[in-house]
Amino acid sequence: MPTVSMTVNGRKMSGECEERTLLVNFLRENLGLTGTHVGCDTSQCGACCVHINGDSVKSCTMLALQAEGAEITTIEGVADGDNLHAIQEAFRDNHGLQCGFCTPGMIMSALDLLKHNANPSEAEIRHHLEGNLCRCTGYHNIVKSIQAAAAAMGGTP
Amino acid sequence: MYAFKFHKPSSIEDAARLFSGADDARYLSGGHTLLPSMKLRLAGPSDIVDLSGIDSLKGIKVEGDKVVIGAGTRHNDVALSAEVRAAIPALADLAGGIGDFQVRNRGTIGGSIANADPSADYPAAIVGLGATVHTNKREIAGDDFFTGMFETALEDGEIVTAVSFPRPKRAAYMKFPNPASRYAVVGVMVAETASGMRVAVTGAAPSVFRIAEMEQALASNFSAEAIEGITVPADDLNSDMHAAADYRAHLVGVMAKRAIAKAAG
């Protein structure tokens, strides 16, 4: 089996996997990073969202081998030790989750939004979240959480 | 997903060689059609030739009155490009409406047009803006590129290298997106180009098509009113659980009018 190496949350990691192994399965099963979820497995729901070289992507629709040499950030790499990232705090403060299954993807997606647009309007947030499905909240508190995070971060994601 | 061999060449020549040397190879670009098809076992290639390591396929250049976009350029690179936005805002708008933000960070223009999905957005830009498709073998006029549902003028193993778009005098793209996946149930690009009016429709039929009657009407009066009453027959349009053919025919007129109104400013 081929070996694939990548930098995940700042640490160099490598592992063996089949050519057909999806990145999300490599992260979860080979590296034990189970914060990235598999929801729909068809690139619709966004639960598997991670950052690759700074861009949010759906890790269920990418081969692990395609990430060779890449810098990857998963939900596990967002907090600074025990200190939650402002966006995580905002989801907690604003009840931005219920069951929590979509939350890692929501946060990774929202982080990418705030990188491109530090002060998004409600409409821009809702447009950006088209690729992230939540079946609990009705999105309202997720949007509020992202607005609160944008305010708390003051333009520095 | 069935097992396959994986190759990641760094040149177009190597990619073509790997492709022709394999039993049943497929090129992989953004992978947002091919990988889902492979997961469903609708596709089971023996070899995957990943084109993402070929730097010469990537990038955006504005050359005179043309915008040249490398085939491996991602939708978000086009959508968020200040150069594209300044030269052909309709093209940046179209790219920014494909799928969702994460999909746009993977999907590429070359992959999209080579796949020729009937509901893809880019075919409306290729035909509607009168683009030219460059491959590793030749140039293909945009009007001749799409030949049917999931069918193009590309030969087996031929690689799209870039697409060049002449800058239109004015243009706009409007679509009725599928509410879940954002693909074009019907999308219409309307453009006034140096070589005349163009109205190109994607999503409605097995392949992108132009509406000559609307183009003639716009030539004398560039307004939504000018195409009032011009319809396309529903007979040959797509019909599925999301939209029946007669509804798609209706949407063609609505989207065309919206695009004209937007282009007219």
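Every read-out reported here was derived from the displayed coordinates using simple, explicitly stated rules and does not represent laboratory data. Just so we're clear, the structure is a prediction, and the values are computed from it rather than from any experiment. Please note: Cβ atoms are built from the backbone with ideal geometry, for glycine as well, and neighbour counts cover all protein chains shown.
What the table shows:
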read-out	value
Placed amide H near B:V67: partners under 5 Å, 5+ positions off or other chain	B:F165, B:R167
Number of partner chain Cβ atoms within 10 Å, mean per residue of A:58-69	5
Amide H contacts under 5 Å for B:V185, placed H, 5+ residues apart	B:F176, B:N178
From phi via Karplus (6.51, -1.76, 1.60), per-residue ³J(HN,Hα) for segment B:73-88 in Hz, x at Gly/Pro	6, 7, 4, 5, 5, 6, 4, 9, 7, 5, 5, 5, 4, 6, 7, 9
Helix-only CD estimate at 222 nm, as mean residue ellipticity for chain B, using -39500 (n - 2.57) per DSSP H run (n ≥ 4)	-8500 deg cm²/dmol
Over 25 Å (Cα to Cα) - which of B:K169/B:K262; A:K58/B:K262; A:K115/B:K66; B:K8/B:K137; A:K58/B:K8 fall in this group	A:K58/B:K262; A:K115/B:K66
Rg and Dmax of the protein assembly as shown, Cα atoms only, in Å	21.9, 67
Unit charges on C-beta of K, R, D, E only; dipole of the protein assembly as shown, Debye	660
Test item: Cα-centred dipole of segment B:1-53, Lys/Arg +1 and Asp/Glu -1 on Cβ, debye	220
Convex hull (Cα only) mean projected area of segment A:1-147, reported in nm² to one decimal	8.2
All Cα pairs of segment A:3-77, percent lying beyond 21 Å	11
Convex hull volume of segment B:170-264 per residue (C-alpha atoms, cubic angstrom)	87
Exercise: per-residue mean of other protein chain Cβ atoms within 10 Å, B:4-11	2
Using θ = phi - 60° and Karplus 6.51 cos²θ - 1.76 cosθ + 1.60, couplings along segment B:89-95 (whole Hz; Gly, Pro as x)	x, 4, 6, 5, 4, 4, 5
